[in-house]
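Notes follow once the structure below has been shown.
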Ligand code: PSU
Ligand code: MN
């Protein structure tokens, strides 16, 4: 496996010494936000992780390898280049063996983070069960990956481009704990509420770290969904967002967008039609998530002696 994995020396040093490490995805840079805010945000997120005591590891694929921890130039490339693939699990072997540039989704980032021995992953929003999935069968591989891979995911909840109720049902079926940090309501990315109650609530990074350790200690593999509500000052009214989302969904239907193109199409449409307000919220919430993720990683490092390194069984 090491032939396909390249870990940045700073990240490797942190892992070797059981220091806190936070994995970050790259699809959000290449397909989730416009240039140059995408790169500014990616840098700011890495800085936030550092400021809270952890080492950031942004993950992407190029030169036939999965890279864990990018240089400033590599980050810049993923924010600017046109030839970058959006890589979920099913695309990984192709993009690696063809030596293409691949930005990793939540699913692919989790898998690579797990190969490297990283336990905490921070993003903005995860993929889930799409509205209309009962006929389209469009369910993100992010969810199946969360069933299988023991890397916790910090996000701002589930964006209401998805069917939030069905996504919560799916997570329940797959045994994935869903907890919200500091409130009872499950958040919906741009808004602090979603109309759904969070199945679980925890109020401190230490309590979350303890839950993670307990879950994995008792042999329950898989992820935990940690939802961190958008800061109040950046939250957007859910009813206002719903208007934009309905328009975005109608546009996607009219243009016959399908498969992996749907999520980037909807994200772009909404960003273009909300006069930058949604982009601002997006940037604020991901930095906010980076802080919580770093705090959880630090708390976890304190209570866990050391994680398995790649290639070395437990
Ligand atoms: N949701 C967001 N922002 C994002 C994504 C989802 O609010 O940037 C990206 C993530 O990389 C996520 C991917 O893993 O889209 C899900 O794509 P799909 O729905 O095709 O599985
Ligand atoms: Mn899909």
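The values are calculated or read from the model by the stated rules, or taken from the named source; none is laboratory data. For clarity, every value in this text was computed on a predicted model and none was experimentally measured. Here Cβ is always computed from backbone atoms with ideal geometry, including for glycine, and neighbour counts include all displayed protein chains.
Some values worked out for this structure:
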{"quantity": "Residues within segment 15-43 that are touching a helix residue (DSSP H, G or I) at 6+ places or on another chain (Cβ under 9 Å) and over 20 Å from residue 81 (Cα atoms), tallied", "calculated": "7"}
{"quantity": "Selection from segment 154-172 of residues that are within 14 Å of ligand 2 (Cβ to nearest atom), part of a helix (DSSP H, G or I) and either crowded, with 21+ Cβ neighbours inside 10 Å or within 16 Å of the chain's Cα centre (by Cα) (or both)", "calculated": "167"}
{"quantity": "Single residue of 271, 238, 290, 252 found to be closer than 25 Å to residue 132 by Cβ and crowded, with 19+ Cβ neighbours inside 10 Å", "calculated": "271"}
{"quantity": "Residues of segment 112-135 classified as more than 17 Å from residue 181 (Cα to Cα) and either within 8 Å of ligand 1 (Cβ to nearest atom) or in contact (Cβ under 8 Å) with a residue 40 or more places away in the chain (or both), total", "calculated": "12"}
{"quantity": "Within segment 1-103, helices (runs of 4 or more DSSP H) holding 1 or more residues that are touching a residue at least 60 places away in the same chain (Cβ under 8 Å)", "calculated": "9-16, 27-30, 37-51, 92-97"}
{"quantity": "Residues that are within 24 Å of residue 243 (Cβ to Cβ) and out of contact with any helix residue (DSSP H, G or I) (no Cβ under 8 Å at 6 or more places or on another chain), drawn from segment 136-156", "calculated": "136"}
{"quantity": "Breaking point among (1) at positive phi; (2) at pLDDT 95 or above, for residue 276", "calculated": "(2)"}
{"quantity": "Residue in segment 110-133 that is in a strand (DSSP E or B), within 16 Å of ligand 2 (Cβ to nearest atom) and touching a strand residue (DSSP E or B) at 6+ places or on another chain (Cβ under 8 Å) present", "calculated": "yes"}
{"quantity": "Test: residue in segment 36-50 that is farther than 19 Å from residue 284 by Cβ and at pLDDT 95 or above", "calculated": "no"}
{"quantity": "Residue check for residue 136: touching a strand residue (DSSP E or B) at 6+ places or on another chain (Cβ under 9 Å), more than 20 Å from residue 75 (Cα to Cα) and within 16 Å of ligand 2 (Cβ to nearest atom)", "calculated": "yes"}
{"quantity": "Residues within segment 96-105 that are away from ligand 2 (no atom under 12 Å from the Cβ) and closer than 29 Å to residue 278 by Cβ, tallied", "calculated": "4"}
{"quantity": "Helices (runs of 4 or more DSSP H) lying entirely in segment 178-280 (those with 1 or more residues that are within 20 Å of residue 122 (Cβ to Cβ))", "calculated": "205-217, 262-273"}
